[in-house]
Amino acid sequence: MSTSKRIAVLVSGGGTNLQALIDAQNSGQIAGGSIAAVISSKPDAYALERAARAGIPTYVVARIDYPDNQAMTVALRDKLQELDIHLVVLAGFMTILTEEIIHAFPNAILNVHPALIPSFSGEGCYGLRVHQQALAYGVKLAGATVHFVSTDCDGGPIILQKSVAVEEGDTPELLQRRVMEQAEWVLLPQAVSLFCQDRLRVEGRIVHIID
């Protein structure tokens, strides 16, 4: 087993997935790593308060301070390298990152998406929109996916997926809540722990989980 991995969680808003990671860390569910930094793209993100309460160092790389996504991505990459980060976790991070960060952290950036990829994913599919599309299509199963981040939006190799039943009378808000509680908050700590234990092996599009 390698030395403990340093994790950075990137946030933009309320930080519910960050809280799931903090809770998992506090209860010993993340083996082989610990959250070393929380970095927000917005200076007023509530996620920063969650991190501060948990005693985790916080940083702001504000999208508004940069002319475009690429300039922000480069600044973010430099900050992550300066902090000696091994794993980057996107937890409600609302800026599309450009290739500079993906090349700097190959198969070391995780994202959680609130659908069973490849359904309801890709450009413009985020937040409540995902659940609106799923309900409009009439699917019986929704869910969440944790995947490695690639240059293709929501297109990186899939690590874990979990389905959640769509119920009669669901609204996008109700479905969003159920997917978070039953899938996102369960899968994300699991995937982070597997990465930190060196139990993920990527071959092309396939992620093997090593016992």
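Observations, loosely collected:
- With respect to (1) surrounded by 20 or more Cβ atoms within 10 Å (Cβ to Cβ); (2) of a type outside the set (Lys, Arg); (3) more than 22 Å from GLY33 (Cα to Cα), the lone exception for GLU203 is condition (1).
- The condition (being touching a residue at least 12 places away in the same chain (Cβ under 8 Å), assigned to a loop (DSSP other than H, G, I, E, B), over 16 Å from GLN182 (Cβ atoms) and open to solvent by 20 Å² or more (accessible area, probe 1.4 Å)) is satisfied by just one residue among CYS125, CYS153: CYS153.
- Whenever a residue of segment 64-91 is farther than 21 Å from LEU21 by Cβ, its partners that are open to solvent by less than 20 Å² (accessible area, probe 1.4 Å) and small (Gly, Ala, Ser), lying with C-beta atoms within less than 9 angstrom and at least six residues away or across chains, give the pairs ILE64/SER41; MET72/SER41; MET72/ALA62.
- Among (1) open to solvent by 20 Å² or more (accessible area, probe 1.4 Å); (2) closer than 23 Å to ARG77 by Cα; (3) under 13 Å from the mean Cα position of the chain (by Cα); (4) of a type outside the set (Val, Ile, Thr) - the single one GLN19 does not satisfy: (2)
- Selected residue (only one of VAL112, VAL164, VAL202 is closer than 29 Å to ALA75 by Cα and touching a helix residue (DSSP H, G or I) at 6+ places or on another chain (Cβ under 7 Å)): VAL112
- Residue in segment 86-96 that is out of contact with any Ser or Thr (no Cβ under 8 Å at 6 or more places or on another chain), open to solvent by 20 Å² or more (accessible area, probe 1.4 Å) and at positive phi present: no
- Exclusive hit being crowded, with 20+ Cβ neighbours inside 10 Å, in contact (Cβ under 8 Å) with a residue 60 or more places away in the chain and within 24 Å of THR73 (Cα to Cα), set PHE148, PHE195: PHE195
- Scanning segment 1-47 for residues that are part of a helix (DSSP H, G or I) and either touching a Gly at 6+ places or on another chain (Cβ under 8 Å) or not aliphatic (A, V, I, L, M) (or both) returns THR16, ASN17, LEU18, GLN19, ASP23, GLN25, ASN26, TYR46, ALA47.
- Only one entry in GLU167, GLU173 is outside any loop (DSSP other than H, G, I, E, B), open to solvent by 30 Å² or more (accessible area, probe 1.4 Å) and acidic (Asp, Glu), namely GLU173.
- Verdict on ASP44 being farther than 17 Å from TRP185 by Cα, open to solvent by 70 Å² or more (accessible area, probe 1.4 Å), more than 13 Å from the chain's Cα centre (by Cα) and without any contact (Cβ under 8 Å) to a residue 12 or more places away in the chain: yes
- Taken over segment 102-122, the residue count meeting the criterion of being small (Gly, Ala, Ser) and either open to solvent by less than 30 Å² (accessible area, probe 1.4 Å) or outside any loop (DSSP other than H, G, I, E, B) (or both) is 4.
The values are calculated or read from the model by the stated rules, or taken from the named source; none is laboratory data. Values in this document were obtained by computation on a predicted structure and should not be read as measured data. No Cβ is skipped: glycine too gets one built from the backbone with ideal geometry, and neighbour counts run over all protein chains shown. Surface areas here come from the heavy atoms of the whole protein model, side chains and all, with no ligands, DNA or RNA. Shrake-Rupley method; radii C 1.70, N 1.55, O 1.52, S 1.80 Å.
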